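Enquirer: Quick one: structure below, then a few questions.
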Amino acid sequence: MDIYLIRHTNTAADPGLCYGHSDVGLADSFADEAQDLHDKLPEFDADCKVFSSPLTRCLELARTFSETVTTDARLKELHFGDWEGLRFDDIDADAVQRWTSDFVKAAPPNGENFEDLYLRAGSFWQDLSTVKAEQVLVITHAGVIRALLARALNLPLANSFQLRIDAGSVHKLRHSVDYIYVDYINL
């Protein structure tokens, strides 16, 4: 099975905004960015399965690939809790520092830590192994893609943030028997 992990394109959110679970819209450049993304990819088989985070920034992109999209809340970005919708510059600097120094185990107030996201995304990954298709597209967020790559490559979670995950990027994995191959990252 070929698995394409695709990050949503650029959003209309202001730079520095904390918006993990918030449903922000896409940038005005969406149509061009979506076309650029499609140009990077091969033609997909009729039985290709498309999964998406239910957030608009992913779902709109997913619908450019198929009219039949399965949404899954486990594919949502990290939940920033009380920080959702705030600018990072407006959050107490000491609180942000405590979180960034141990984001794997520490969570924003009423939010989740990266380990929580990893387990949530891992549950989706386990279910993906039962899908009957040669090609699967997963349209999601940078944090989820990092978590899934960490799982596939057996990386320590803190090291997954060394992987660059650009907006509109594609990361291709190939599942063969009980082995995962990485064909490419951040195309």
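Enquirer: So in the range 141-159, with the set limited to residues that are in contact with a Phe, Trp or Tyr (Cβ under 8 Å, 6 or more places away or on another chain) and not hydrophobic (A, V, I, L, M, F, W, C), which one is nearest to residue 9 (Cα to Cα)?
Expert: 143
Enquirer: Pick out, from the range 88-160, the helices (runs of 4 or more DSSP H) lying fully within it that include 2 or more residues that are closer than 25 Å to residue 43 by Cα and under 12 Å from the mean Cα position of the chain (by Cα).
Expert: Helices (runs of 4 or more DSSP H) meeting the threshold: 142-153.
Enquirer: Now for a separate question. Residues being over 23 Å from residue 125 (Cβ atoms) and assigned to a helix (DSSP H, G or I): count how many of those fall in the range 41-66.
Expert: Selection size over the range 41-66: 2.
Enquirer: Check whether at least one residue in the range 48-57 is free of Cβ contacts under 8 Å to residues at least 12 places away in the same chain, of a type in the set (Phe, Trp, Tyr) and surrounded by 14 or more Cβ atoms within 10 Å (Cβ to Cβ), and report yes or no.
Expert: No, the range 48-57 has no match at all.
Enquirer: Sort out which residues of the range 7-28 are in contact with a Cys (Cβ under 9 Å, 6 or more places away or on another chain) and either part of a strand (DSSP E or B) or of a type in the set (Gly, Ala, Ser) (or both), and write them in order of number.
Expert: 7
Enquirer: Looking at 160, 129, 169, 123, which is the one that is of a type in the set (Gly, Ala, Ser) and in contact with a His (Cβ under 8 Å, 6 or more places away or on another chain)?
Expert: The unique qualifying residue is 129.
Enquirer: For the range 154-187: of the residues being of a type in the set (Asp, Glu) and surrounded by 12 or more Cβ atoms within 10 Å (Cβ to Cβ), which is farthest from residue 103 (Cα to Cα)?
Expert: 183
Values quoted throughout were computed directly from the atomic coordinates according to the rules given, and no laboratory measurement underlies them. What you are looking at is a predicted structure, and each value in this text was computed from that prediction instead of being measured. All Cβ positions, even for glycine, are placed from backbone atoms using ideal geometry, and neighbour counts span all protein chains on display.
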